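Trainee: Quick one: the structure is below, questions incoming.
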Amino acid sequence: MNDIRRTILWVIFGFSMVLLWDQWQVHNGHKATFFPSPAKQMSNGAASAPAASGVPVANVGATATTSSAAVPAPGVPGAPPVSAAPGAAAVAAAPRERFSVSSDVLKLTFDTEGGSLVQTEFVKQVDMADKSRNFTLLDETRDRTYVAQTGLIAGAAGGTFPTHKTLMTVIPGERKLKDGDKELTVSFESPEVGGVRLVKTYTLARGSYAIAVKHEVVNTGAATVSPQLYLQLVRDGNKPSGESSFYSTFTGPAVYTEAKKYQKVEFADIEKNKVDIEKQAENGYVAMVQHYFASAWLLGDGIKRDLFMRKVDTNLYSVGMITPVDNIAPGGRKIIDAQFFAGPQEEKVLESLAPGLELVKDYGWLTILAKPLYWLLDKLNSFIGNWGWSIMALVLLLKMAFYWLNAKAYASMAKMKAINPKITEMRERLKDNPQQMQQEMMRIYKEEKVNPMGGCFPIMVQIPVFIALYWVLLSSVEMRNAPWTLWIHDLSSPDPFFILPLVMTATTMLQTALNPAPPDPMQAKLMWFMPLAFSVMFFFFPAGLVLYWITNNVLSIAQQWIINTRMGVPPQFNLPKFG
């Protein structure tokens with residue numbers, strides 16, 4: 001009876017893993033692996049986005065608050081943006097252009113239409129699909145849209161002001177950070193629209209992925225104005241190119257407030273109007289997140305803001321915030337300071353920029369375990385200087401911490417192995433009398449002082465820790481393009497020669513062979529099938545994850561071997577019988 005229960009538990013466990021994997025794929029935007037459903041066709045009601053010849057119309061959507069009732073709703077597709085005043089283009093001082101500026105870590109491309117940021121190239125990060133190029137996060141091409149925009153909209157008093165569709169003049173200045181300089185500034189000035197002129201100034205700092213963005217609003221008219229400043233990120237809903245189909249990470253918008261903390265939203269939920277985020281706050285940020293990288297608009301604490309997420313066009317979405325500029329008398333001016341971050345998810349950097357920004361590096365519900373594990377891994381690397389060896393050192397420390405728990409588990413397994421011949425003989429003798437077989441089995445367990453589940457609980461206690469470590473290694477951008485040794489030049493990519501996955505499979509099979517074989521033949525086969533099936537997936541996992549698992553397997557085998565020998569149970573390999 002006990003064997004039947006264990007077999008049922010193994011079947012339930014295996015089927016649960018299949019279902020979890022299937023739903024994990026669906027949750028992250030992929031097709032279901034095992035139980036695919038018919039693909040949903042996207043509505044054809046919206047016009048497709050304009051091609052690369054112009055910035056897609058991406059007007060700010062209304063928030064859910066009555067104070068923002070004057071925020072314009074999206075215009076009719078193909079019509080002029082509602083934020084562009086008639087004749088605004090005619091008073092522009094210069095034609096539209098795009099140009100690049102660069103610091104020691106960033107190369108940015110700006111568009112004079114709105115002074116928008118339309119491309120961010122990271123000088124110190126290579127593109128994994130083409131390592132001859134630098135990695136690009138924000139970009140605007142025929143196949144991709146991901147831009148950062150700001151502008152002014154009317155408050156309750158009404159009016160039309162400069163937006164991200166207003167053609168601006170770039171103020172002449174340096175376009176490359178010189179040696180010895182700490183900062184580089186780029187400024188845009190709009191024409192007068194509705195009695196208001198907007199001056200944007202971007203300040204790049206040496207060694208920083210955070211850009212200071214100053215918005216100076218000048219009232220050039222004869223009446224008091226009360227505009228609102230919006231800061232938004234507009235992105236298509238496609239997954240980043242080159243993402244693995246065997247594991248998925250979140251891609252999409254996110255917001256953070258002190259009240260509701262970190263909230264990430266799937267593009268599909270925006271499509272279905274199922275967005276439930278904090279609508280008003282005086283702190284926090286808005287962001288677009290993907291594997292290893294993020295972009296975010298940051299405002300200082302104490303500044304009122306309305307947060308929004310909305311669909312802009314077919315497969316085009318925006319996340320942003322709107323903050324009131326307050327009344328500006330004729331001839332007066334107001335300055336709103338913000339920060340724009342676009343860069344890798346380096347935990348220490350994110351923590352220094354804004355409260356909660358480090359949460360874009362998402363460990364999920366295991367954050368409480370993952371953060372100290374990352375801290376320890378980072379400390380080890382500061383001494384060792386190689387992320388591969390640091391991973392192995394961290395696993396060694398974890399195995400040492402759990403040594404006594406593992407010792408109890410392996411001791412229980414050794415006892416089970418010692419009495420296994422007696423159990424097998426008894427099962428064969430009483431195979432026609434299941435009830436007596438169960439009673440006899442319980443008698444043997446009691447006499448030998450063996451708990452059949454004694455080897456499971458100590459190992460189960462450790463599972464959350466090792467899952468948390470899995471997410472640390474999968475999420476840490478430090479693994480990206482980090483070499484280990486010999487043929488492993490990138491711990492974030494699969495082993496090009498599949499050597500590590502083969503070693504991992506071999507160690508998994510060896511560890512299974514060292515465990516006591518279950519008396520029930522079906523359960524014995526299942527004990528071999530499950531680890532073998534999951535080993536196959538590791539052929540497509542990052543080398544750093546496979547290295548961590550190999551190290552864990554080897555240390556477990558060594559400890560199990562030593563404990564079995566000490567208990568007088570010589571290690572032997574229990575090979576499966578599939579005949």
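Trainee: Which value, in Å² rounded to 10, gives the accessible area of Trp375 with a 1.4 Å probe and all protein chains present?
Mentor: 150
Trainee: Take the eigenvalues of the Cα gyration tensor for region 146-305, scale each by 5, and report the square roots as semi-axes in whole Å, largest first.
Mentor: 30, 23, 15
Trainee: Give me the one-decimal nm value for the distance between modelled label points at Gln511 and Lys274, 7 Å along each residue's Cα-to-Cβ direction.
Mentor: 3.6
Trainee: Under a Cβ-Cβ cut-off of 9 Å, what is the net charge of the residues other than Asn283 that fall near it, where Lys and Arg count +1 and Asp and Glu count -1?
Mentor: -2
Trainee: Give Lys124/Lys182; Lys107/Lys131; Lys131/Lys176; Lys124/Lys178; Lys214/Lys304; Lys131/Lys361 a once-over and call out the pairs whose C-alpha atoms are over 21 Å from each other.
Mentor: In this structure, Lys131/Lys176; Lys131/Lys361 exceed 21 Å between Cα atoms.
Trainee: To continue, here is another question. Please work out the C-alpha center-to-center distance from region 421-449 to region 100-146 and express it in whole Å.
Mentor: That distance is 69 Å.
Trainee: Also, quick follow-up: Of all accessible surface on region 205-256 at a 1.4 Å probe, what whole percent is carbon and sulfur?
Mentor: Accessible surface attributable to carbon and sulfur in region 205-256 totals 51 percent.
Trainee: Could you please state how large a percent of the accessible area of region 282-431 is carbon and sulfur, counting protein chains only and using a 1.4 Å probe?
Mentor: Answer for region 282-431 is 61 percent, counting heavy atoms of protein chains only.
Trainee: For region 284-361, just run the numbers: alpha carbon Rg, then divide by 2.2 N^0.38 Å, N being how many residues it has.
Mentor: Cα-based Rg divided by the globular estimate yields 1.30.
Trainee: If you don't mind, there's one more thing I want to ask. Using a 1.4 angstrom probe, figure out how much accessible area region 255-302 has per residue, in square angstrom, rounded to the nearest whole.
Mentor: Computed with neighbouring chains in place, this is 41 Å² per residue.
Trainee: So, one more: How much accessible area per residue does region 342-409 have, counting only protein heavy atoms and a probe of 1.4 Å, in square angstrom?
Mentor: Here the per-residue accessible area is 49 Å².
Trainee: Still on this structure, I have one more. Quick check on region 254-297: take the gyration tensor over C-alpha atoms, sort the square-rooted eigenvalues as a ≥ b ≥ c, and tell me if it's rounded (a/c under 1.5), prolate or oblate.
Mentor: In terms of gyration-tensor shape, oblate.
Trainee: Using the per-residue mean of other Cβ atoms lying within 10 Å as a proxy for protection, in what order, highest first, do the peptides 173-183, 198-208, 134-144 fall?
Mentor: Peptide ranking by packing, descending: 198-208, 134-144, 173-183.
Trainee: Starting from the 7 Å offset along Cα-to-Cβ, what nm value, one decimal, do you get for the label separation of Lys379 and Arg333?
Mentor: Each label point lies 7 Å from its Cα, and together they span 5.0 nm.
The values are calculated or read from the model by the stated rules, or taken from the named source; none is laboratory data. This is a predicted model, so every value here is computed, not measured. When we count neighbours, we look across all protein chains shown, and the Cβ atoms used for this are built from the backbone with ideal geometry, even at glycine. These accessible areas exclude ligands, DNA and RNA; they are computed on the full protein's heavy atoms, side chains included. Shrake-Rupley method; radii C 1.70, N 1.55, O 1.52, S 1.80 Å.
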